Every structure is written in C-alpha cells, then in structure tokens.
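Bear in mind that the values in this text are calculations on the coordinates, not laboratory data. The shown structure was predicted, so the numbers you read here are calculated from the model rather than taken from an experiment. Don't worry about glycine lacking a Cβ; one is built from the backbone with ideal geometry, like all the others, and counts go over all protein chains shown.
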Amino acid sequence: MKGRARARIVALASSLAFAAIYALVASSDPMGALYAFFVSPFASSYAFYSLLESSASLLCCALGACLAFRAGAFNLGGEGQAAVGTLAAALVALACTGGGLSGAPAISAAIVAAAIAGGALALFSAVAEEKAGAQVMLTSFLFGQAAIIGVNWAVGGPLKDPSANLLGMAAISEGLRLPLLAPPSPLSLAFPISLALAAAVIFFTRGTRAGVEQRLLGKNRLFARAVGISPQTGAWSMVASGALAGIGGSFLVLGQTARAVKDMTGGIGWNGLAVALIAGSDGLGALPAALFFSWLDSGARQASILADLSPDASAVMKGIALFLITAASLGSRPRAKALQARGKA
Amino acid sequence: MSPVELLSCEGISKYFRDTTTLANDLIDLQVAAGERRAIIGENGAGKSTLGRILAGLAMPDSGKIRVRGASIESGSVRAAEAAGIGFVPQVSLLAGELTAAENIALGREPRAMGLFVSRRKTYVEAALLFERFGLSIDPEAPVSSLSAAERRGVEIARALARGGEVLILDEPTSILSEIESERLFGLLGRLTEEGKAIILITHRLAEVRRFADKLTVLRQGRVVADESVEQRSEEELSRLMARDAPSREAVGKGCRPPTENAARPCEPRLEPMLELRDVVLVRGAKPLRLSVRRGEVLGVAALAGNGLGRLEDYASGLVKPRSGELLIAQSPLDEARRRRLRQGLPTRFGYVPSDREARGLCLHASVRDNLLALRLREFRGRDYLGGRLRDNAALEAASGVGLVAGLRSSVASLSGGTRQRLVLGRELRADGEPGSGASVFVLAEPLQGLDLAAQALVLELIRGLADDGAAILLLDSNVEEIVAIADRAAALYRGEIAYEGPNEGESTSKRLMSAITGAAGSAV
C-alpha cells in the first residue's frame, strides 16, 4: 500500500512537471505562464476561494466514485448522475420559487432531489446487474450518456427559459442559492457541505460494519457471498455513489451560475473518477486529490487569461495527470497479483 | 560442479517486509539430473518461497541460481523456463475461462502459416501431451470445469510443455486422494527415468519416503538437513522440521495423525442437522440422500470428477441444486437464511471451502478482517472506530488454531498453511447465538497445506465440536483423513453413494478405497 501511495505521489509530481513543461513550450511568455499556472490560484483570496468552490462538486463526484469502487462496482455514470442532479435541483428550486419557498428548507429540498435523481439513475445499473447480470461498468456508462442527452434536450428544449439568451432553464431566485461565505468570491456553502460529506464517507468506510462489508465485497465477491455478506451492499454503494454525484451536480446549479444550463457538468463525473483513482478509492485521499485537480483547472484558466496559454491547457494537463496516475496504478498491479498467488511454505 | 548437476542455488535469501519474515536464509541447494528431491518443513518454513524463487516468480534478496552451471536471471519466469525450470504452484495459476489446451499453450501458442494462432495444433499438442503422461483430461474442457486433480495435471503438463528439465511441485497432493497421488508419483517417477529432476515441496513425510531419494529440511528459512532420505527416521525428520516436535502418534502415517476417535461407534442420536434430499451430483446419477446428525462427523470421500465438488457447492448452500433440496436444522436453506446462518443467527453454519483462495479468503484484506468476517455484527460502531475489541477477538480466534500473523497484514502475504489456519480459525467456532447450542459445519479438505502439528490440532478441534453437538460434514479426497476423524464414512462414485457405514478404522479405509474407485460395486 505504501508503494502504491508513493507511486501516486511520484505520478502527481511528474504531472506537475509536465504541466510546467507544457506551459513553457506552449506560451509565448513562459515565465508568466508558469507564474499564472502555479502561483495565481493562491495569489489572491478570490482566486483561492474560487478554487475551493470548484473543488466542491468534484469532491462529491469523487466520493461517489470511491464508494462504488470500494464495493467493486465501476460506476462510469458519474457524469450522467451529476447531470440529472442539476436538472432535479433546478426543477425543485424553480418549483419552490413558484411556491414561495426559500431559504434552508428549499435549498435542502433541491439538494435532496438531486441526490435522489442521481441515486435512482445509479440504481438502474445495480438492478440490471442483480437481475440480469449486466455489467455495472457498461450499464452505468450507457445510462449516464442517455441521461446527459435527455437532460440537455430538456434544458435546451421544453424547459428552456424563453426570456434568456442561452440554452438553459430560468434562473433560480436569490433565496434559493447556496449562501456565499466570502463575497464577492464564489465560495459558497457547497464547500463545507462537501467536506462534511467527505467526513461522512471516511467514517462510513473506516468506522462502520457496512464499510468493512463493502470493502470485503469489493475485493472478493465470492468470498463475501460465502461469509454471508449481502450483495445489496454493492447495490446500495452504487445508489450512494449516484446520489453523491447528483449532489455534486446540484452545487453547480445552486452556486454562482444559479440555473441549469446545457452541458453544465463539464466533465466533473469523469474528473471525479480520476480523483478517486488518484485517491486509491479512499475518502481521505479524495480531498487533496480533488483540490489538486481544481488547482490544475484554476491554474490553466489563470494561465490562459494572464499568459496566452490555450484554454484547453487544463484538459491537456488533467489528461497527463490521469495518464500518469493510471500508469502508476497499473504498474503496481502485477506485484499485487504476484502477492495474491504467493503461497509460501 | 558435479558432472550431473542440473540445478544449483547458492546463498538464496528472501525477507518479507510485510510480515517481517526471513523466509529464506542463505539457502544452498544442488539437484542432479534424474534426482528426486524433497524439500520439507513446517508451515512457514520457506519451502514455497524457495520454489517460487527458483521458478522466477519471486525475486531473491541475494543468491544465485545456476542451471547446468550457467547462471540464470533471478526473478524472471521467462529466464527460468528457458533454462528448463518448470513450476507447479500450490495455488493454481491457470486461467479458469480458458480450456486446458489453451492454458498449456498460453504465451507460446502454435501458429498456422507463422501468423495465426492454430486452434487445431493447440488442441492436438495438448492431447498428445496428456496422452504421453497418462493424464485423462479433455483438452477442450474449460479449466474452471476441471477437478482439482485434473487442474494439477494441466499445471504439470504446462510446465513440461515448456521443456521442464527440473520440475518443482509445491504441495502437489494437498487436495488429491491417495489414488490420485499414486498416479502423480507414477508420472513423476517416469519423468525422472527420462533424466528430469523433480523437486517435491511437501510436509508429508510419507510422500517423502514414497517418492524422494534426497531431501532438504527447512526450518525457519534455513537448511537444517540435506541428505539422502534413508538416513533419517520419520521421527527424526519431524523433530528436525519442528521446534516443538509432534508426538510419535501425531507423526503416524506420514501426516495423518490417527486419533483416539478413529473408530467411534456411530450413534444415531438426536435430529439431523444437515440433510441433502434427492440432489443429483453428476448427470445421469441417481438422486442422492445424505444426512448428518447432531454430534456426528460424516466423512465423504471421492476421487476427482465423482461429484465431491458439486456436493460441496450444494452442502454449503452456495449453489442451489436443480433438483432436491438442502435442509439445515430441518428447514430449507434459501439465500437469505444462509446469510443469516453464516453470521451465526441462530445456528452456526461453518464452511471451510476446498478452494481456499477464491471462497475462503479475501486476499487483499487484512488478517483481522478475514478472521472476523463472520462476526461483524458482534461489534458496535465504536469498535469499528477504535478497533481494540476487534483486535482482541481476532487474536483470540488466531490463537485457537495457532495462527501467527500480524492482524493488519494482508492475507496475500501469508503462506499457504497459514492461510488455511486463518480460514479454520474463522470457521471452527462452536458458539452460535446464546442458547441455540446447534452448529453445522461443512469442511472441504480442511487439512490442506497444514503441517503435522496443525493437523493434529485441527482434528482435535473438529472432534471437540462434534462432541459439543455440532453436525459436521467432512468432504475429503483423502480417505485417511476421513478415517482419522469421522463417525460415519461414505464414498462417492460417479455422483452416487457407493459405500456408507460406521467408521471402523482400517477396514473402513479399505472399503472406502475400493468404493471410490468403483471396485466395491455395492451402492447403498
């Protein structure tokens, strides 16, 4: 385990080095690009709070992925689950606005609706596996992609705000937005909520019977069945995973954007998978990993504004990081296999 | 260098950081062409580690390996195979989804026109190989459908197909019956006559006497004897192997400690606790009925392919029989009830699977989590956070079977025998819910991989459980193990009960041997 952690840290450091090289090569102002990339996200409280805010949704999706991975379910539908979360949160928020509701109860209702929507989408995959033996990895991806198409159609079609000049639903009222913690920065209650969720996931995985059962199930299904661990542990993990992704989606709607727009999730589901991979499916590792990814995002954005780096730089850098992390994870697998087969006298 | 020396190693050392074990400590070994070498030692003595190092599956910390005087690269399976070292591991490394022939050809598939994989050649070569070594295995059968003995045969054929001049076999008979073991030794004998060297890793002294002419005794990773087999008595050998030598009785027939209970009369007392009604084990076989009463050990023996594995599937409740049913404590066992029983509610339902690594252990979880997997409900939230209570419970379970391992260590880092102790430590608990007083155990090959002292301990534990009222179904390919402990013994042949009767010691052993081969012809 120590070896794997070391491999991940080396991969992270390498990805930063690659990011620096990329900034040096791709920018006409290499030193400015490096400064903008590495230092700007921390240079002002506004920039730093923006980084924290953007990590909130990502952290939720990553926590969801961690839970699914721990149970041995490869939930590739985080993006779709986050998308249905945005739609559900927006619908409930707008309904509350229409009903005259606002404040904590209405915001909570919107978040809960997003969790239910994301969880329900994940449940389809769990049920398909339980009833028909369909692989979660495939079904979650397919259901997720279908959901994204559906959400985009709804947001840009029948639910579109006719008065607005963008493909999105109507804006939600001020009283239904997550309270800002450090105005004028976008840092909202989403970040502490995501921290609380991370704490809950860490507690669940390390300090509960269900967490132990989930881990055993994820590592050896046959063994788990033989010792009487219910396969529903896996199904519930999927539902929780989808719910967390849905909550991540709701933060996008209830935050600064304050409305559901087309393609709103922008890859947080996929990035959540990468974060979970970096974190080794551990809730505790997910927090720094999510912050790292947000830093890459924020740094690239700053570099594109301040030092003419391409706006796509963030995607390239995240891709490099993901590639290196995956390589590090795969690199440690043969040793794990060798350990598995070891039978010393 | 001796002119006939085939394999030698010098100063091999290996330290496992995970378990802080010095598994091999400066080991020297020389093996000549045509030699039958046994490497013996207790569980955890470092036998398998040495075998794996020689086969390139593990990297030694120090030392050199030479084949015909030429040094070979350490830690490389390819280099070892190229030098003619074949390895048959204790835990099968075959790909279950592939056929026997595909497994043999894996990585060096015969080509048609030098380009495409030739399925025909793959199967023909495998069939010829099986025929040459007298193995009756269908090359087209998926490995997952083969019995343990057949899988072992495929492993041997695979090693030989790669030009194995030195064949290392790690506990090859651990789940084979006497007859299957005899066949295996016959095959190995023929190979040595062809000039191949065989290294047999075992702790069964009877096998050493039966097969080997030279032996190396390992104790705590060190060579404590390297000599010809005739030089020592079994008692001396067992004393050499162990720090605390087992008693004369425990040595018995090599590894089978006969117990005082061997010929206990069958007492048809109390109600049946485990019943299989009208289940069909092998296609075309008559439906089978079998029951185990409270306080009774029923031992069932069979050769590979005669339905013992299927019987284990059904009796453990993991596979629902197509026809017939399984009753535990006189109630049908469905999946939900099986799960409750496995967690000890209200009847304790212990199960030691023959496939230890797949069903019996979660290899990449800790020793503690594996030991307590059936007792998770006993602990409260704070126990999961603190862990001290769980540690104590795990230590208690470990001490019951003499398991010595770090509670936080990964099970994957444990030796075969230690893994078996772990499974037994978890499963052989008598107490169910207070007041229930009833326990049912399905034990498949419970002594596999255990050294003499551990076998004696486990047999004593099983007997103790039965004396406390547990119903125990013992499924074992080894007749002697059944005779050593069972109250009643049965033999399966082609999926049907070919013999059933009280255990009367030696005479039952003979009846069982004859029944499992189909020689008895007197189905009950």
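With a Förster radius of 22 Å applied to the C-beta separation of B:Arg408 and B:Ser62, the computed FRET efficiency comes to 0.20. Modelled this way, with points 7 Å down the Cα-to-C-beta line, the labels at B:Arg388 and A:Leu306 are 5.2 nm from one another.
Between B:Glu73 and A:Arg206, the simple label model (points 7 Å from Cα in the Cβ direction) yields a spacing of 4.2 nm.
The calculated Kirkwood hydrodynamic radius for region B:94-162 is 11.7 Å, given to one decimal from all distinct C-alpha pairs. Dividing the C-alpha radius of gyration of chain A by 2.2 N^0.38 Å, with N its residue count, gives 1.01. Could you count how many Lys pairs in chain A have their Cα atoms under 20 Å apart, skipping same-chain pairs fewer than 8 positions apart? Going through chain A pair by pair, I get 4.
Skipping prolines and chain starts, which residues have an amide H placed within reach, meaning under 5 Å, of the one on A:Leu76, given they are 5 or more residues away or on another chain? Distant-sequence amide H within range of A:Leu76: A:Ser140, A:Phe141. Using the Kyte-Doolittle scale, which helices in chain A average at least 0.5 and also have C-alpha atoms spread 18 Å or more along the helix axis, with helices defined as whole DSSP H runs? Qualifying helices, which must be both long enough and hydrophobic enough, are A:2-26, A:45-70, A:78-99, A:103-132, A:136-156, A:190-207, A:232-254, A:283-306, A:313-331.
Please work out the FRET efficiency for the pair B:Arg108 and B:Arg377, using the Cβ-Cβ distance as r and a Förster radius of 56 Å; give the result to the nearest 0.05.
Efficiency for this residue pair is about 0.65.
In chain B, the longest principal axis of the Cα atoms and the axis of helix B:148-161 are about 10 degrees apart. Near B:Leu333, the amide H atoms lying under 5 Å from its own belong to B:Leu326, B:Ile328; only residues 5 or more places off or on other chains count, and H is placed 1.01 Å from N.
Fewest neighbouring Cβ atoms within 10 Å first, the residues B:Glu193, A:Glu129 line up as B:Glu193, A:Glu129.
The calculated FRET efficiency for B:Ala225 paired with A:Ala315, based on their beta-carbon distance and R0 = 60 Å, is about 0.40.
Using Cβ point charges alone (K and R +1, D and E -1), the dipole size of region A:1-150 about the Cα centre works out to roughly 520 debye. Against the longest principal axis of chain B, how steep is helix B:416-427, in degrees 0 to 90 to the nearest 10, with axes from Cα atoms? Result, in degrees: 10. Kindly express, to the nearest 10 degrees and within the range 0 to 90, the angle between helix B:119-132's C-alpha long axis and the longest C-alpha principal axis of chain B. Computed tilt is about 90 degrees. When peptides A:278-284, A:81-87, B:419-425, B:374-380 are sorted by average Cβ neighbour count within 10 Å, with the highest value leading, the order is A:81-87, B:419-425, A:278-284, B:374-380.
Taking N as the number of residues in chain B, what is its alpha-carbon radius of gyration divided by 2.2 N^0.38 Å?
Compared with the compact-globule rule of thumb, chain B sits at 0.97.
Per residue of A:213-220, other chain Cβ atoms within 10 Å of the residue Cβ number 5 on average.
The residues packed around A:Thr97, meaning those with a beta-carbon under 13 Å from its beta-carbon, carry a net charge of 0 if Lys and Arg are +1 and Asp and Glu are -1.
Look at the stretch B:406-419: the mean tally of other chain Cβ atoms within 10 Å of its residues' Cβ atoms is 3.
Centre-to-centre, using Cα atoms only, region A:1-43 and region A:149-206 are separated by 29 Å.
Rule-of-thumb check for the protein assembly as shown: C-alpha Rg over 2.2 N^0.38 Å?
Against the compact-globule rule of thumb, the ratio is 1.08.
Extension gain for the segment A:Glu130 to A:Ala182, taken as residue separation times 0.36 nm less the Cα-Cα distance, is 14.1 nm to one decimal. Among the lysines of chain B, pairs that are 8 or more positions apart or on different chains and have alpha carbons within less than 25 Å of each other number 14.
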